[in-house]
1. Looking at L67, is it assigned to a loop (DSSP other than H, G, I, E, B) and surrounded by 15 or more Cβ atoms within 10 Å (Cβ to Cβ)?
2. What is the residue count in the range 18-59 for residues that are over 19 Å from T88 (Cα atoms), part of a loop (DSSP other than H, G, I, E, B) and of a type in the set (K, R)?
3. Just a yes or no: is a residue in the range 11-30 surrounded by fewer than 19 Cβ atoms within 10 Å (Cβ to Cβ), farther than 19 Å from A110 by Cα and of a type in the set (G, A, S)?
4. Would you please name the residue that is nearest to D5 (Cα to Cα), looking only at residues in the range 254-292 that are among the acidic types (D, E) and surrounded by fewer than 16 Cβ atoms within 10 Å (Cβ to Cβ)?
5. With the checklist (1) modelled with pLDDT of 95 or more; (2) touching a helix residue (DSSP H, G or I) at 6+ places or on another chain (Cβ under 8 Å); (3) not in a helix (DSSP H, G or I) in hand, flag the one item I105 doesn't pass.
6. Given the conditions (1) part of a strand (DSSP E or B); (2) in contact with a Leu (Cβ under 6 Å, 6 or more places away or on another chain); (3) not polar (S, T, N, Q), report the number of the one that L246 does not fulfil.
7. How many of the residues in the range 124-166 are of a type outside the set (A, V, I, L, M, F, W, C) and either under 19 Å from Y86 (Cβ atoms) or modelled with pLDDT under 95 (or both)?
8. Could you figure out which of (1) touching a residue at least 40 places away in the same chain (Cβ under 8 Å); (2) surrounded by 12 or more Cβ atoms within 10 Å (Cβ to Cβ) isn't true of D98?
Amino acid sequence: MAQTDHFPLGVTAVMLPELDFSEQLALCESLDLSYYVYRPRLIPAERRAEAYSNWGNHRFDLTPDRLIAEGATLAKQLSAAGVTPYCTLPEADTSTSDGEWDIHIRGAVAGGCSRIRISPADYPAELFDYDAHLQQIIARYGELISRTKKSGLKTVIEMHVGNIACGPGLVHAIVKNFDPAEIGVIVDLPNLAQQGCLDPTLAVSVLAPWIDHCHVGAARRITVDKDEAGFRQTTHEFCELTEGDLPIPKWIDWMSQLEGAIPLIIEDFSPNVTGADRLRRTAEQVKALLGT
């Protein structure tokens, strides 16, 4: 299988806050992207007057109810542009009520998606009983997977900073209890650069049957200060794909050895660059990488 077939490219709408839907479609079409991931969110009223930003105000204000109402039309527009609606990223987790999840599931189906992200509930801010928390999360995934399967959706878990699925071994503790056909893992490279990173040989080996798709972006560690004892204090910042801390070519290389297509969904949050320019730049860099 050719690399371009094995790794079709797409984008998450979360990185295109300045563009309305028609502009997003035109950009995807111009870059020959194959997949689109919806961003159903409720934008707080106090943020609507702010400048557009990835996690704040968006020009394309896609609420969960709007996705239900307009999803079929959006899916037709995507299809006409040669783009497949792939997944939704609801702002919800395993602690969210069944009623709210029904709304998100209906939206994913209306929008023509085959996947829906379900995140684990946040773990406590203090020391906690991990095994007990894990078992609660696994039980809840069992309940929610039964609901998504009935709607023809596959559940996916994103390895993300701040929850118990942030690293390969941690997310494996959840997904190993389920069939890879009903639950998959989103390999999120910019999040893995911040928390949960392993050598890609080991990480891909651990998760091979469950890897569904990959969020492509980058982050790097930077020094911000020293504490009172003189120890270096660091944080992370998002950055251009070629400037991150992860060995991204090695991640791509190892995932290329897995069976089936693995969509590379671009999610570049580099600061001081518009979403459209970030997408153009990163799409070019990924295509060049796949070409090698």
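The values are calculated or read from the model by the stated rules, or taken from the named source; none is laboratory data. Nothing here was measured: the structure is a model prediction, and the numbers come from that model. Here the Cβ positions follow ideal geometry from the backbone for every residue, glycine too, while neighbour counts run over all protein chains shown.
1. Numbers: assigned to a loop (DSSP other than H, G, I, E, B): no; surrounded by 15 or more Cβ atoms within 10 Å (Cβ to Cβ): yes.
Answer is no for this residue.
2. 1
3. Yes, some residue in the range 11-30 is surrounded by fewer than 19 Cβ atoms within 10 Å (Cβ to Cβ), farther than 19 Å from A110 by Cα and of a type in the set (G, A, S).
4. Pass one, the range 254-292, residues among the acidic types (D, E): 259, 267-268, 277, 284.
Retained after the next criterion (residues that are surrounded by fewer than 16 Cβ atoms within 10 Å (Cβ to Cβ)): 259, 277, 284.
Details: E259: 12, D277: 25, E284: 16 Å.
Across the range 254-292, the extreme among qualifying residues is E259.
5. (3)
6. The failed condition is (1).
7. As a first pass, look at the range 124-166 and keep what is of a type outside the set (A, V, I, L, M, F, W, C): 124, 126, 129-131, 133, 135-136, 140-143, 146-152, 154-155, 158, 160, 162-163.
So of that shortlist, the ones also either under 19 Å from Y86 (Cβ atoms) or modelled with pLDDT under 95 (or both) come out as 124, 148-149, 151-152, 154-155, 158, 160, 162-163.
Total meeting the criteria: 11.
8. (2)
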